[in-house]
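Trainee: Sharing a structure below in structure tokens format, with a few things to ask.
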Amino acid sequence: MGKLNQKVRKKRRLRIDRCILLIIILIVACFAIGFLIKGVYAVGQNAYQFCQNISQDYQKRMSFQAKFQSEKFKNYTNILLIGVDDGDIDNAGMAKRADALMMMSINHETGSLEIVSIPRDTYVNIPGRNTLGRIAQAYSYGETQLTVRTVEELLKIPINHYIVVDWDTFVGVIDTLGGIDLYVENDMYYEDPYANLVIDLKKGFQHLDGVSAGKYVRYRSDDLADIGRVQRHQRILKAIYTQALHVDAIVKIPEIFDIINKNVTTSLSAFDVAKIIKYVDHVSQDSIRTQMIPGDLKTMNNENVWVINEGELNRLLDQIFIDNDKIKTE
């Protein structure tokens, strides 16, 4: 009888132990499931928020671009090239400015490339600001997005993509290409001890490396000042294009791509680049036209600025963006 009671008590203890163990397992499982659900929910919520943000940004962008959208732009891809300066060397926290602005328009049907340079001293309305200012300041206020928006409102066209480069990228690409051949139109000498900059280039045909090419485009001490600088930007761009078409340059493509991939900020995807290559596959240097926003150099608020000639600008844009549908109906 005593042994029987012992066995019963032992079985009860085992059952109780098993129940306790089962309860502990269930509690742990509940906590684990709870943490898992919480984690999945958090990830899902973050993913949802991320997708929602992308969707909202896209809708906002499309809504904004709709103001300038018309059928005449459907056969063009417009890219804004933004060259940014190094900022204030003595004040690392100071915002950078757009040192060079070029709107590049690619015609899908002909493959021709139109490059419209915008002087950095162009006097414009910067969205969100109460006064007019130099267009270069848009990058200081709102970086890429505000710069793109400012150019869109200025030209009244949609900007489909942007490319932001700095001087290190500019120098690196030219050096990788083995330099460029260029005609320097005048002797150029300029010294700025504060910026540790000395420009000393002689008139005539020259083979320039990246640093020398950078000095060529930065030179402003001629009669045309910033406008002369814009013209040099255009000459450099054509020289780079010519050098890039050289057979020997093809083997440098992976190295150039590596420089661009590390240092360039762009909205272009690999798919976008592939489409553009298809459009410009047979483009020659003669198919590239470089122009500048028409205007006059004036003094406004004790500053020398480039004031746009609206009538000439509209004529220029009408020449670039031909409305084929309108022509067919006339």
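Trainee: Of everything in segment 180-217, what is over 24 Å from the mean Cα position of the chain (by Cα) and among the small types (Gly, Ala, Ser)? Give them in sequence order.
Mentor: The answer is ALA195, GLY204, SER212.
Trainee: I've got another one for you. When you check GLY87 against the structure, is it surrounded by fewer than 17 Cβ atoms within 10 Å (Cβ to Cβ) and modelled with pLDDT of 80 or more, yes or no?
Mentor: no
Trainee: Give, as residue ranges, the strands (runs of 3 or more DSSP E) completely inside segment 87-196 that count at least 2 residues that are touching a residue at least 12 places away in the same chain (Cβ under 8 Å) and within 22 Å of HIS233 (Cβ to Cβ).
Mentor: It comes to 98-107, 113-118, 123-125, 161-166, 180-184, 188-192.
The values are calculated or read from the model by the stated rules, or taken from the named source; none is laboratory data. Source: prediction; values computed, not measured. Neighbour counts run over all protein chains shown; Cβ positions are idealised from the backbone, glycine included.
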